[in-house]
1. Please specify each residue of the range 121-154 satisfying the condition of being buried (at least 18 other Cβ atoms within 10 Å of the Cβ) and of a type in the set (Lys, Arg).
2. Being in the same structural domain as residue 182 (by TED's automatic domain parsing), closer than 19 Å to residue 195 by Cβ and not aliphatic (A, V, I, L, M) is the filter here; which residues of the range 96-153 pass it?
3. Restricting attention to the range 203-229, which residues are of a type in the set (A, V, I, L, M), exposed (fewer than 15 other Cβ atoms within 10 Å of the Cβ) and closer than 20 Å to residue 252 by Cα?
4. Name the strands (runs of 3 or more DSSP E) wholly inside the range 174-282 in which the number of residues that are without any contact (Cβ under 8 Å) to a residue 40 or more places away in the chain and touching a Pro at 6+ places or on another chain (Cβ under 9 Å) is 3 or more.
5. Please name all residue pairs, on different chains or six or more residues apart, with Cβ atoms under 9 Å, provided the first residue is in the range 11-37 and is closer than 17 Å to residue 48 by Cα and at pLDDT 80 or above and the second residue is part of a loop (DSSP other than H, G, I, E, B) and small (Gly, Ala, Ser).
6. For the condition more than 18 Å from residue 289 (Cα to Cα) and among the acidic types (Asp, Glu), what is the one hit in 205, 182, 162?
Amino acid sequence: MKCRQILLASFAIITLTCLLCHADTVVLKQGQTITGDILAEKQNKIILDIGVTVLDIPKEQILQFQYDSDANQIEAEKQTDQIEQNDRQILDSGKLYSTKKTKKTSIEKAVEQVAEAVVKVKSPTAMGSGFFINPDGYLITNYHVIEKETKIEITLFQKKPDGFEKKEFKKVKIEAINPFVDLALLKVEDLNDTKVKFVHLGNIDEINAGEEVFAIGTPLGLERTVTNGVISTKNRAFEGLIYIQTNADINPGNSGGPLFNLAGQVIGVTNMGYIFFGGLGFAIPVNYVKHFIDNRDAFAYDKNSPNTGFRYIQPEKRTNMNEPKLLKNKSDKK
C-alpha cells in the first residue's frame with residue numbers, strides 16, 4: 001500500500017513539474033507571478049487557466065505576460081499537421097467539402113472560429129458573399145450574385161494581430177451553377193501561398209426550430225457584418241423549394257453567405273430577405289448544397305454559354321385548331 005502511495009505521489013509531482021515547465025506566465029504590477037495556460041488574449045484582459053479555475057485578468061493590472069513558446073510551438077505544429085492531414089483526406093476522398101461534429105459554443109467564439117472563411121464576392125453588376133469549403137480555394141455563393149457574369153473578384157479578410165487584412169483575388173473560375181436552386185461553385189485560382197480557412201457543412205436533419213443561428217456577410221457593402229437570430233422554421237415552402245426561415249437580418253449583400261449554428265457548422269446559404277419587414281430571412285438548406293457539390297458534373301459550367309442552365313422545353317402548339325372530338329366509353333356503345 002505504501003509503495004503504491006509513493007508511486008502515486010511521485011507521479012503527481014512529476015506531472016505538476018511538467019505542467020509548470022510548460023506554462024504561460026503573467027506578471028502583475030504588484031509583483032505577483034501567475035502561471036497557467038493563456039486561453040485567450042482580449043483587448044482589455046487575459047483569460048488564464050490555472051488548472052483549478054479560469055481567471056479573467058484585466059490588462060491594466062498586468063505588467064507583462066509571456067507564452068511558453070516551445071510548448072505552444074510544438075502543439076501548434078501538431079495541430080497544423082493534423083489539419084493538413086485531414087484536408088488531404090477530404091480531397092483524396094473526392095469530396096470538396098467536409099463535415100465535422102463540433103460542440104456548440106457562444107456566438108462570440110463561433111464567429112472567431114469561422115469568420116475568416118467568409119468572403120466578399122463581386123461582379124460588374126452585383127455584390128454578395130460566399131464561403132470557402134476547402135483549403136484549395138473552392139467556395140460557394142448564390143447563382144444570382146454572378147448571373148450572366150464571368151469577371152468575378154473575391155475579397156478575403158485575413159486576421160492579423162492588429163485587425164484584418166484585405167486580400168483580393170481576380171482569377172476566379174466558375175466550376176458549376178444551378179440557377180433553380182440559386183447556387184454556384186467557384187474556385188480561386190490565384191491563391192498562390194495564401195492559406196485560407198474553410199468551414200464544415202452541417203446537416204439539416206440535426207437542426208430545430210428555435211435554435212440560435214447567425215449569419216456573416218456584406219450587407220449593403222458593410223463587410224464582415226454578423227447578425228443573429230433563431231430558426232423560425234426549417235421547412236418553409238417557396239416556389240417549389242424548401243427554405244430555412246430565420247429572423248436573423250438578411251439584406252442585399254448577404255446573398256451567398258453562410259448561415260451558421262452555434263457549433264460553427266454551415267446549415268444554409270442565405271439568399272432572400274425582406275428589406276421592409278425585419279425578421280424575415282431565408283436560406284437554402286445545406287443538404288441542397290451538398291447535393292449540388294456532389295453532383296457538380298451535372299451542373300458543370302460551360303464557358304461558351306455564360307447563361308448555362310437547364311430549361312424546360314415548351315411543347316409544340318397544336319396544328320389542328322378544331323375542337324377535339326369527345327371519345328365515348330365502350331360502356332356507352334349500344
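1. 122
2. Once the filter is applied, which keeps residues that are in the same structural domain as residue 182 (by TED's automatic domain parsing), closer than 19 Å to residue 195 by Cβ and not aliphatic (A, V, I, L, M), the range 96-153 yields 112, 113, 116, 120, 130, 131, 132, 134, 135, 136, 137, 138.
3. So the first thing to find is which residues in the range 203-229 are of a type in the set (A, V, I, L, M), and the list is 204, 207, 209, 213, 215-216, 220, 222, 226.
Remaining after also requiring exposed (fewer than 15 other Cβ atoms within 10 Å of the Cβ): 209, 220, 222.
Passing the criteria: 220, 222.
4. On the way: elements: 183-188, 212-217, 225-238, 241-246, 258-261, 265-273.
Because the criterion is at least 3 residues that are without any contact (Cβ under 8 Å) to a residue 40 or more places away in the chain and touching a Pro at 6+ places or on another chain (Cβ under 9 Å), the strands (runs of 3 or more DSSP E) in the range 174-282 that meet it are 225-238.
5. 35/23; 36/23; 36/51; 37/23; 37/51
6. Details: 205 fails: more than 18 Å from residue 289 (Cα to Cα); 182 fails: more than 18 Å from residue 289 (Cα to Cα).
Selected residue: 162, the only one of 205, 182, 162 that is more than 18 Å from residue 289 (Cα to Cα) and among the acidic types (Asp, Glu).
The values are calculated or read from the model by the stated rules, or taken from the named source; none is laboratory data. Just so it is clear, the model here is predicted, and its values are computed rather than measured. Ideal geometry is used to build each Cβ from the backbone, glycine not excepted, and the neighbour counts take in all protein chains shown.
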